[in-house]
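Single-structure report; data block below.
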Amino acid sequence: MVLGSTMTLAHSVPSWATGAATVTDLGVLPGDTVSAAEAINNAGTVIGASESASGVLRAVRWNRRGAILELPTFPGDMFSQPNAINDAGSIVGESGAVATSPTAVRWDHDTAVTRLAAIPGFPVSAAFGINNHGVIVGFAINSANQAVAVRWNSDGTVTLMAPLPGDAFSQAIGINDDGTIVGVSASGFGVDVHAVRWGRDGSPVNLGTLPGDIDSEALRINNRGTVMGIGVTTGNQFSAVRWNRDGAMIRLQTLPGYANGEPGGLNNRGATVGVVLSSDNQKAAAVSWNPAGSGTAIAVPAGDTFSGAEGINDHGTIVGFAGPSAGTTHAVEWRMPGSGT
């Protein structure tokens, strides 16, 4: 069953596309009120979360025809959130009795759910990335609120990823098929945060910050080695940033009337999408960025003033959310002509 409606949009399409795009409302689980899509793989499978009126998040999967399916949790778990999916359909994320104390989980293509190996002394964990070889990355947190980056290897072993020299915290967030990992290193919780890249040997490299920024975070890496993340100024203003393969770092522009920018998806062709937000966070717009960093709004249905793009696959299909306000969004999919998935 296809949820929602489809409408043709003939303006403000992403800069790499020609012709019209279609946007599909992917809907919510029965009885829920809000949803958002988080990622899409190259087979066209979409993952995200559906939220009840009481604020409970549940992990969901949409097939390429738009049918929604709730992903199972363990007995006693009330909260679940998927964060990444690979091309084989394996999904990783987090699940728990409450959102503040989840553990990292993997859902296989048949939706069977497995808790990832626990890290002794770190009761809280979350998985944020998975590559096409089944290697998973994320982080674990101990009772002192200290975080350590984690790599769950495909053979079942676990590797802890060290922070930069002198730092005490690390978090792994993205991984590509070469096994290169990106994330953050920090001296304290939210203090002196540095975007980092770990090689296959686990050694961290500081990716640096742009002039005027005090913090940076690396969130995505594609198979070409392009990295996408966030730069933060002293005034706590944030913007999407990109590190090219040669190490050059550029700031991705916001749109007129929007103060901040945040990246969402990066595909293997280098297409970059995300969201820009007003200074009061009451307005948000889905955006695509060209290689030079210029932004273009992605069209949404009339009346929707809060939207964002969270994922894009190699065919150019984009997923995210749109609605009249932050509390009334639905998961949406933008599909380009001829994209196939």
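The values are calculated or read from the model by the stated rules, or taken from the named source; none is laboratory data. What you see is a predicted model; the values in this text were computed from it and never measured. Note that we place each Cβ from the backbone using ideal geometry, even for glycine, and neighbour counts take in every protein chain shown. Remember, those area values only see protein heavy atoms, side chains included, never the ligands or the DNA or RNA. Shrake-Rupley method; radii C 1.70, N 1.55, O 1.52, S 1.80 Å.
Quick notes on this one:
- Using a probe radius of 1.4 angstrom, the carbon and sulfur fraction of the accessible surface of segment 39-79 is 56%.
- Put a dot 7 Å past the Cα of A99, heading toward its Cβ, do the same for A43, and the two dots end up 3.0 nm apart.
- For the chain: accessible area per residue (Å², 1.4 Å): 41
- Spin-label model distance (nm) - R115 vs E70, 7 Å beyond Cα toward Cβ: 2.1
- Length added when fully stretched, R224-D87, from 0.36 nm per residue minus Cα-Cα: 47.6 nm
- For segment 197-238, alpha-carbon Rg relative to the globular expectation (2.2 N^0.38 Å, N residues): 1.30
- For segment 43-127, the ratio of Cα radius of gyration to the globular rule of thumb 2.2 N^0.38 Å stands at 1.06.
- Most fluctuating residue given options S50, S187, S143, as computed from a GNM of the chain linking Cα atoms under 10 Å: S143
- Efficiency of FRET between D246 and D201 - r from beta-carbon atoms, R0 25 angstrom, step 0.05: 0.70
- Linear extension gain, D178 paired with N281, 0.36 nm per residue minus alpha-carbon span: 33.4 nm
- Net charge dipole, the chain: roughly 460 debye, given to the nearest 20, about the Cα centre with Cβ charges of +1 for Lys and Arg and -1 for Asp and Glu.
- Protection proxy ranking, peptides 80-90, 155-165, 277-287, average beta carbon neighbours within 10 Å, highest first: 80-90, 277-287, 155-165
- All-pairs Cα distance distribution in segment 56-182, expressed in whole percent, bin size 5 Å: 2, 11, 21, 24, 19, 13, 6, 2, 1, 0
- Segment 200-341, accessible surface, carbon-and-sulfur percent (1.4 angstrom probe): 49
- Annotation: segment 140-186 has a Kirkwood hydrodynamic radius of 11.3 angstrom, from the mean reciprocal C-alpha pair distance.
- Here segment 216-275 has an Rg and Dmax of 11.3, 34 Å, counting Cα atoms alone.
- Highest mean packing comes first when the peptides 304-310, 318-324 are listed by Cβ atoms within 10 Å, giving 318-324, 304-310.
- A259 paired with N142, simple spin-label distance in nm, labels 7 Å along Cα-to-beta-carbon: 3.7
- Whole-percent pair-distance distribution, where bins are 20 Å wide, for the alpha carbons of the chain: 33, 62, 6
- Segment 188-341, relative contact order in percent, only Cα pairs under 8 angstrom and at least six apart counted: 13
- Sorted peptide list for 115-124, 102-111, 51-60, 217-226, criterion being average Cβ within 10 angstrom, highest first: 217-226, 102-111, 51-60, 115-124
- Positive-end residue of S203, T272, I221, charge dipole of segment 172-275 with Cβ unit charges: T272
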